[in-house]
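Below: the structure, in structure tokens.
The values are calculated or read from the model by the stated rules, or taken from the named source; none is laboratory data. A quick note: this is a predicted structure, and the numbers were derived from the prediction, not measured. Please note: Cβ atoms are built from the backbone with ideal geometry, for glycine as well, and neighbour counts cover all protein chains shown. For the accessible areas, the whole protein counts, side chains as well, though only heavy atoms, and no ligand, DNA or RNA atoms are used. Shrake-Rupley method; radii C 1.70, N 1.55, O 1.52, S 1.80 Å.
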Amino acid sequence: MAKPLTDSEKRKQISVRGLAGLGDVAEVRKSFNRHLHFTLVKDRNVATPRDYFFALAHTVRDHLVGRWIRTQQHYYERDPKRIYYLSLEFYMGRTLQNTMVNLGLQNACDEAIYQLGLDLEELEEIEEDAGLGNGGLGRLAACFLDSMATLGLAAYGYGIRYEFGIFNQKIVNGWQVEEADDWLRYGNPWEKARPEYMLPVHFYGRVEHTPDGVKWLDTQVVLAMPYDTPVPGYKNNTVNTMRLWSAKAPNDFKLQDFNVGDYIEAVLDRNLAENISRVLYPNDNFFEGKELRLKQEYFVVAATLQDIIRRFKSSKFGCRDPVRTCFETFPDKVAIQLNDTHPALSIPELMRILVDVEKVDWDKAWEITKKTCAYTNHTVLPEALERWPVSMFEKLLPRHLEIIYAINQRHLDHVAALFPGDVDRLRRMSVIEEGDCKRINMAHLCVIGSHAVNGVARIHSEIVKQSVFKDFYELEPEKFQNKTNGITPRRWLLLCNPGLADTIVEKIGEEFLTDLSQLKKLLPLVNDEAFIRDVAKVKQENKLKFSAFLEKEYKVKINPSSMFDVHVKRIHEYKRQLLNCLHVVTLYNRIKRDPAKAFVPRTVMIGGKAAPGYHMAKLIIKLVTSIGDVVNHDPVVGDRLKVIFLENYRVSLAEKAGSALPGHPDLTSRAAGEQGTALGSAPCAVWRTQCIPGHLACHRRYHPPSGHPYCRACLACSLYPPCPALCSCPGPLCWQDRHQASGGVGPQLPPTPLPLLRPRPCSSLPAYSWAHHCSQVAAPASSVLPEGSLGRSWGDPGMRCHVPWSPSVPTTMGPSGQESDLPTRWWEIGAWPSPAPLLPLRAKGPPSSSGRLDLPGCHGVGERADPLLSCKLSGGGGVPGHRPCGLAAALVSMSLPFFSGAWPARSLEALMGQLASDLAGNSSGVALPSLLL
């Protein structure tokens with residue numbers, strides 16, 4: 001008989017042996033009834049559906065507790081290096097179903113709930129989303145926690161337990177209205193308060209330098225109460241911890257008021273301290289320099305570092321005795337990952353603890369800090385980078401300001417030694433930005449104080465190295481890395497698309513759920529008709545289910561067999577929801593123009609939240625809903641086109657949508673927030689493809705016999721799909737033919753044959769239009785554009801020509817014979833009936849050396865050629881409080897001819913006019929890809 005294991009031997013591995021066997025159906029049912037009776041104090045006669053949800057949640061949590069405790073025992077016994085992921089956002093969503101999946105309990109719980117006469121899906125729908133994040137940054141943090149637990153890493157997530165998460169979005173009369181997200185109203189069955197680990201956090205006060213060291217005195221104290229949430233790995237018995245801090249006022253808060261008799265006022269003022277963890281700031285990709293936000297950032301950092309150091313000093317589970325006092329090994333046992341600049345204060349705070357409290361030498365403390373911290377950059381949008389006023393720091397965190405000054409001085413001394421006399425480099429690399437208001441650049445502080453800096457996509461990381469932190473990259477190239485964002489396949493495949501997961505498991509097994517590289521095993525099945533049929537069946541079933549959900553929630557009946565065209569993300573000018581709207585309007589008018597023609601049915605879904613103070617984003621939401629009102633109630637259109645705005649888009653809605661949606665060819669410039677570029681973009685990916693350079697010929701020469709308007713060279717290199725998918729041209733008409741056929745209204749063939757390598761299909765134009773082409777030109781130096789091509793000298797009063805700047809070829813152009821050195825990269829010509837509400841694009845003069853072409857209404861902000869076919873406006877923008885430039889209004893106005901006669905007078909024409917008015921006169925970055933696809 002085997003000798004029983006000692007407690008020490010049992011803890012050498014994470015084992016569930018000896019835990020209560022709760023996995024079978026009978027035991028789950030018994031546990032459910034026990035919690036309903038003893039935890040919720042209800043019986044089946046008075047219990048509500050929410051009571052049943054809580055009973056089930058506590059039943060599932062019972063399976064976590066033993067694994068959770070043993071995981072922590074294992075970590076304390078083995079003392080591994082621990083990972084601390086610091087983030088002000090954790091967009092966790094719902095927990096119940098994810099926990100059942102990761103513990104392998106879903107089938108048992110489903111059967112037990114069924115036997116009790118209840119519906120598991122209905123109970124899952126009752127759970128509130130833990131919406132403690134704005135978008136990608138917070139969701140990335142949540143996925144990281146799941147993946148680290150699945151990998152068995154000793155990892156902890158640290159953040160704030162916001163009382164109110166990201167606001168609930170309601171659409172009222174087409175406009176966004178915000179409602180508070182009181183997600184804790186009914187309690188949270190997954191969290192466990194840990195008042196025994198409550199820690200003090202200090203604010204304000206003064207700094208005193210004494211012979212015994214630096215003292216931070218006369219501070220205001222706020223207590224940080226930790227709440228722990230279990231994070232289970234996938235079927236590996238590992239349960240890690242996410243610890244969120246809640247602000248509590250100490251009992252002696254403003255005690256002096258009580259001493260003078262104003263007890264009520266003293267108690268009420270406790271709310272001022274507890275406001276720190278009251279609400280999540282709802283701005284995404286925008287910096288708002290409020291003191292409460294800075295308090296939040298220091299609050300989570302100060303509490304977390306105290307907790308990290310307490311855990312570092314203890315070597316046995318549950319022991320608080322400081323058995324490890326030497327910090328030499330701190331970087332070997334602790335890794336702190338900063339999720340964007342929000343936790344950047346970890347760097348000066350760790351320095352303060354090491355130098356002022358632990359009495360470590362400055363140079364040694366700086367070495368420890370750099371080896372411990374690493375920084376993830378999420379955006380390069382100028383308006384999103386944190387720059388705190390020095391005056392605010394001086395008042396709120398005086399000791400940290402001193403430390404930042406000292407860090408910056410040593411940093412600049414190092415730079416000056418390597419680049420003597422380069423004063424401009426010192427200015428660019430300084431943490432302190434000089435000016436009317438001195439500011440602290442938190443991104444620079446993160447780069448200086450970290451041993452590793454990463455972007456979240458390859459192209460983003462390259463932009464970080466070559467643009468945003470170019471000087472820092474030249475100084476320390478070895479610290480810059482790339483870590484491409486990913487998602488957890490457990491939640492986003494196994495949980496939300498079980499049918500597809502089962503189909504894959506039947507072919508290649510379950511290993512892909514923890515190793516996505518295993519999906520390569522599906523490659524031999526790409527032509528397997530049975531497998532393709534199974535996948536298609538799953539997709540159609542998912543679409544049917546989601547269609548029923550949309551009909552129930554949005555009262556719009558859609559065709560489940562239609563193409564689901566989806567664009568979901570935060571509403572922002574640079575994310576191109578407006579461009580998508582113009583595309584929808586174009587599709588609508590194609591159907592109205594030729595109702596008898598066969599169209600692929602399409603359901604367009606746009607979703608996302610706009611920051612409460614961002615008027616332009618809210619106006620875009622109103623535009624989407626107004627388009628939907630017209631399209632969805634037009635009997636001529638029927639089910640060939642539907643437009644739905646997905647209200648209150650969140651994690652749980654994404655889970656429903658994910659299994660049914662093929663996704664949209666990404667309209668957003670996600671690459672590092674490099675706003676206005678075509679790096680991720682254009683509604684049809686073929687327009688991003690570059691033609692083979694050097695094919696110089698006019699449209700007539702390369703017009704194929706079939707009459708489809710694209711060059712034979714393009715056909716030869718297979719850059720375009722067959723024409724019927726794109727074009728419905730009337731016949732093999734070149735420009736000259738079209739001019740003659742239109743009775744001389746359209747422009748004549750230019751005097752010089754133009755190299756037309758990228759003609760655009762003309763089916764998007766109204767019936768009266770002569771042509772609409774777009775070309776990528778590799779022109780010789782002798783090639784010129786016709787005289788007055790930005791004017792109206794071609795005989796069409798509504799004609800427009802747009803020529804972005806490229807520094808390669810001298811070209812003659814301009815109104816009234818005005819000479820300019822503007823060559824052409826691509827150009828587009830379209831004819832509109834007069835009078836059309838167009839804003840003419842005329843060059844006011846030659847471009848600047850930076851490659852800008854000044855246009856009316858742009859206020860000095862011009863256009864620059866984009867290497868991927870689009871062009872962009874230079875200048876920052878898309879910011880709440882700013883307005884885009886007149887060129888954006890021109891984009892909007894280009895769509896207005898489509899509205900005439902097709903839209904009710906009350907709706908889109910007036911709305912677009914208002915939108916154009918609001919857009920005018922701003923310096924926002926705006927992309928100009930193909931509007932009329």
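List of remarks:
- Conditions (1) of a type outside the set (D, E, K, R); (2) touching a residue at least 40 places away in the same chain (Cβ under 8 Å); (3) under 30 Å from Phe599 (Cα atoms); (4) out of contact with any His (no Cβ under 8 Å at 6 or more places or on another chain): number failed by Ile532: (2)
- Among residues of the range 136-183, those that are of a type in the set (A, V, I, L, M) and in a helix (DSSP H, G or I), counted: 7
- Val637 vs. criteria over 28 Å from the mean Cα position of the chain (by Cα), aliphatic (A, V, I, L, M), surrounded by 16 or more Cβ atoms within 10 Å (Cβ to Cβ) and over 27 Å from Phe287 (Cα atoms): yes
- Test result for Tyr186, assigned to a loop (DSSP other than H, G, I, E, B) and either free of Cβ contacts under 8 Å to residues at least 60 places away in the same chain or within 21 Å of the chain's Cα centre (by Cα) (or both): no
- Residue match in the range 37-45 (condition: under 25 Å from Thr304 (Cβ atoms), part of a helix (DSSP H, G or I) and at pLDDT 95 or above): no
- Filter pass, Leu544 being assigned to a helix (DSSP H, G or I), surrounded by fewer than 21 Cβ atoms within 10 Å (Cβ to Cβ) and in contact with a Pro (Cβ under 6 Å, 6 or more places away or on another chain): yes
- Test: residue in the range 56-78 that is of a type in the set (Lys, Arg) and part of a loop (DSSP other than H, G, I, E, B): no
- Lone unmet requirement of (1) modelled with pLDDT under 95; (2) under 19 Å from the mean Cα position of the chain (by Cα) for Asn107: (2)
- Top-ranked residue of the range 353-383 - restricted to ones that are in contact with a Gly (Cβ under 8 Å, 6 or more places away or on another chain) and either part of a loop (DSSP other than H, G, I, E, B) or free of Cβ contacts under 8 Å to residues at least 40 places away in the same chain (or both), ranked as most open to solvent (accessible area, probe 1.4 Å): Lys359
- Screening Leu350 against (1) over 21 Å from Phe469 (Cβ atoms); (2) open to solvent by 20 Å² or more (accessible area, probe 1.4 Å); (3) in contact (Cβ under 8 Å) with a residue 40 or more places away in the chain leaves a single unmet condition, (2).
- Taken over the range 555-585, the criterion of being of a type outside the set (Lys, Arg), farther than 28 Å from Asn285 by Cβ and either open to solvent by less than 10 Å² (accessible area, probe 1.4 Å) or in a loop (DSSP other than H, G, I, E, B) (or both) is satisfied by Val556, Ile558, Asn559, Pro560, Ser561, Ser562.
- Those helices (runs of 4 or more DSSP H) lying entirely in the range 427-499 with at least 2 residues in contact (Cβ under 8 Å) with a residue 24 or more places away in the chain, crowded, with 21+ Cβ neighbours inside 10 Å and within 20 Å of the chain's Cα centre (by Cα): 458-463
- Positions within the range 396-406 being within 12 Å of Ile440 (Cβ to Cβ) and either touching a Pro at 6+ places or on another chain (Cβ under 7 Å) or without any contact (Cβ under 8 Å) to a residue 60 or more places away in the chain (or both), in sequence order: His400, Leu401, Ile403, Ile404, Tyr405
- Any chance Lys539 is modelled with pLDDT under 95, open to solvent by 80 Å² or more (accessible area, probe 1.4 Å) and within 17 Å of Pro601 (Cβ to Cβ): no
- For Val526, the conditions (1) hydrophobic (A, V, I, L, M, F, W, C); (2) touching a Pro at 6+ places or on another chain (Cβ under 7 Å); (3) open to solvent by 60 Å² or more (accessible area, probe 1.4 Å) are fulfilled apart from (2).
- Scan of the range 603-626 for residues that are out of contact with any Phe, Trp or Tyr (no Cβ under 8 Å at 6 or more places or on another chain), open to solvent by less than 60 Å² (accessible area, probe 1.4 Å) and outside any loop (DSSP other than H, G, I, E, B), ordered by number: Val604, Met616, Ala617, Leu619, Ile620, Leu623, Ser626
- Only residues that are modelled with pLDDT under 95 and more than 12 Å from Leu294 (Cβ to Cβ) were counted in the range 383-410, giving 3.
- Restricting the range 387-409 to residues that are in contact with a strand residue (DSSP E or B) (Cβ under 8 Å, 6 or more places away or on another chain) and charged (D, E, K, R), the residue that is surrounded by the most Cβ atoms within 10 Å (Cβ to Cβ): Arg399
- Failed condition for Ala26, given (1) at pLDDT below 95; (2) open to solvent by less than 60 Å² (accessible area, probe 1.4 Å); (3) within 40 Å of the chain's Cα centre (by Cα): (3)
- Per-region count, the range 90-100, residues open to solvent by less than 10 Å² (accessible area, probe 1.4 Å) and within 27 Å of the chain's Cα centre (by Cα): 4
- Cβ-Cβ contacts under 8 Å between residues 6 or more apart (or on different chains), taken from a first residue in the range 384-395 that is on the phi < 0 side of the Ramachandran plot to a second residue that is of a type in the set (Lys, Arg) and surrounded by fewer than 17 Cβ atoms within 10 Å (Cβ to Cβ), are listed as Pro389/Lys438; Val390/Lys438; Ser391/Lys438.
- Among residues of the range 293-312, those that are open to solvent by 10 Å² or more (accessible area, probe 1.4 Å) and over 17 Å from Glu196 (Cα atoms), counted: 2
- Residue in the range 138-151 that is open to solvent by 20 Å² or more (accessible area, probe 1.4 Å) and over 26 Å from Gly233 (Cβ atoms) present: no
- Selection from the range 61-89 of residues that are of a type in the set (Lys, Arg) and surrounded by fewer than 17 Cβ atoms within 10 Å (Cβ to Cβ): Arg78, Lys81
- Every test in (1) modelled with pLDDT under 75; (2) under 26 Å from Arg67 (Cα atoms); (3) of a type in the set (A, V, I, L, M) is passed by Val239 save one, and that test is (1).
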